[in-house]
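Reading through the structure tokens given below for one structure.
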Amino acid sequence: MAEGRGSAMVAMAVICLLVVALQCGVAHAATYVVGGSGGWTFNVAGWEKGKKFKAGDVLVFNYQNGAHNVVVVNKAGYDGCSTTPRNAKVFTSGKDQIRLVKGLNNFICTLAGHCGAGMKIQISAI
């Protein structure tokens, strides 16, 4: 009987440690407002300089609804200001929150001429 209680106590201790570890991981995610107080707008490229992004951090794209959008694209889409891949995720709320994944994260505005005018950022997350 004592052996059964011991196993239950060990199991509970492991579960508690896992819960604490998961909470710590969530607590360390940072939130960044793209473009700062100016928000997601023209010539936002360079805003990311000097920041250290991690997978799980959240980017907030603030802009007037209907004036812009945010499209998650691959490198070819970023370089060519195109919606690549074809099934790229498009955000249009004006208060979009996007969680970073490990590696390169590319974002553009696909409204006519916007990406070419500097509405694109590339974030590397570790």
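Couple of notes before you dig in:
- Unmet criterion (only one of (1) at positive phi; (2) modelled with pLDDT of 95 or more) for Gly77: (1)
- Total residues in segment 73-126, condition under 19 Å from Lys51 (Cβ atoms) and surrounded by fewer than 18 Cβ atoms within 10 Å (Cβ to Cβ): 11
- For Met9, the conditions (1) at pLDDT below 90; (2) buried (at least 17 other Cβ atoms within 10 Å of the Cβ) all hold with the exception of (2).
- Residue ID - nearest to His28 (Cα to Cα), chosen from residues in segment 48-64 that are surrounded by 13 or more Cβ atoms within 10 Å (Cβ to Cβ) and of a type in the set (Gly, Ala, Ser): Gly56
- Which listed residue, of Leu100, Leu104, is free of Cβ contacts under 8 Å to residues at least 40 places away in the same chain and either over 19 Å from Tyr32 (Cβ atoms) or under 14 Å from the mean Cα position of the chain (by Cα) (or both): Leu104
- For segment 24-47, residues that are open to solvent by 100 Å² or more (accessible area, probe 1.4 Å) and either modelled with pLDDT under 55 or assigned to a strand (DSSP E or B) (or both) total 1.
- Answer from Gly50, Gly56 - the residue that is of a type in the set (Gly, Ala, Ser), more than 17 Å from Phe91 (Cβ to Cβ), assigned to a loop (DSSP other than H, G, I, E, B) and more than 14 Å from the chain's Cα centre (by Cα): Gly50
The values are calculated or read from the model by the stated rules, or taken from the named source; none is laboratory data. Quick caveat: nothing in here was measured; it's all calculated off a predicted structure. Heads up, the Cβs are rebuilt from the backbone with ideal geometry, glycines too, and the neighbour counts pull from every protein chain shown. These area figures cover heavy atoms from the full protein model, side chains too; ligands, DNA and RNA do not enter into them. Shrake-Rupley method; radii C 1.70, N 1.55, O 1.52, S 1.80 Å.
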